[in-house]
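Below: the structure, in C-alpha cells.
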Amino acid sequence: MRKPFLVVVLTAAAVASAIIMVGPQITVVAPLAIVLGGILAYRRSWYSLVCFGYPLLFGFISAWIGYSEMPGYERTVAFAVSISVGLGGCGMVATGLSKALPR
C-alpha cells in the first residue's frame, strides 16, 4: 500500500472519529490525547503531532453542529474560526502520520 494513500485514509478516519468528542467524554479524550502527545514529544516521536492535532479536529464538529442548528451560521466569524482550528488539527494529524509511518 502506498504511503500517501495510507496517510489520507488514516487522516480521514481521525477526522471522522472526532465525533466521539461530542458530549462529556471530551473531558477524558482531549486531556488524554494531550498527555500522550506530551509523552511522545518527550520521546521525539512524530506521533506527538497526531495526538496534539486530534483535539483540534473538534473544530470541524463544532462548525458542523453550528451549521445544522443555526441558520446563517456559515457566514459568521465563529464558523470561520471553527473551520480554521479543524484544518490546523487536520494538518497536524496528516503531517505527523506522513513523518511517522514507515515507507
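The values are calculated or read from the model by the stated rules, or taken from the named source; none is laboratory data. This structure is a prediction, so every number in the text was calculated from the model and none was measured. Cβ sites come from the backbone with ideal geometry, for glycine too, and all protein chains shown count toward neighbours.
A compact table of results
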read-out	value
Residue under evaluation SER84, criteria (1) closer than 21 Å to PHE5 by Cβ; (2) of a type in the set (Gly, Ala, Ser); (3) at pLDDT 95 or above, criterion not met	(1)
Yes/no for LEU97 being buried (at least 19 other Cβ atoms within 10 Å of the Cβ) and in contact (Cβ under 8 Å) with a residue 60 or more places away in the chain	yes
Residue match in region 35-43 (condition: under 13 Å from MET92 (Cα atoms) and modelled with pLDDT of 90 or more)	yes
Single residue of region 33-88 satisfying the filter (hydroxyl-bearing (Ser, Thr, Tyr) and outside any helix (DSSP H, G or I)) that is surrounded by the most Cβ atoms within 10 Å (Cβ to Cβ)	TYR54
Per-region count, region 9-28, residues outside any loop (DSSP other than H, G, I, E, B) and touching a residue at least 24 places away in the same chain (Cβ under 8 Å)	8
PRO55 being of a type outside the set (A, V, I, L, M), under 27 Å from LYS3 (Cα atoms) and in contact with a helix residue (DSSP H, G or I) (Cβ under 7 Å, 6 or more places away or on another chain)	yes
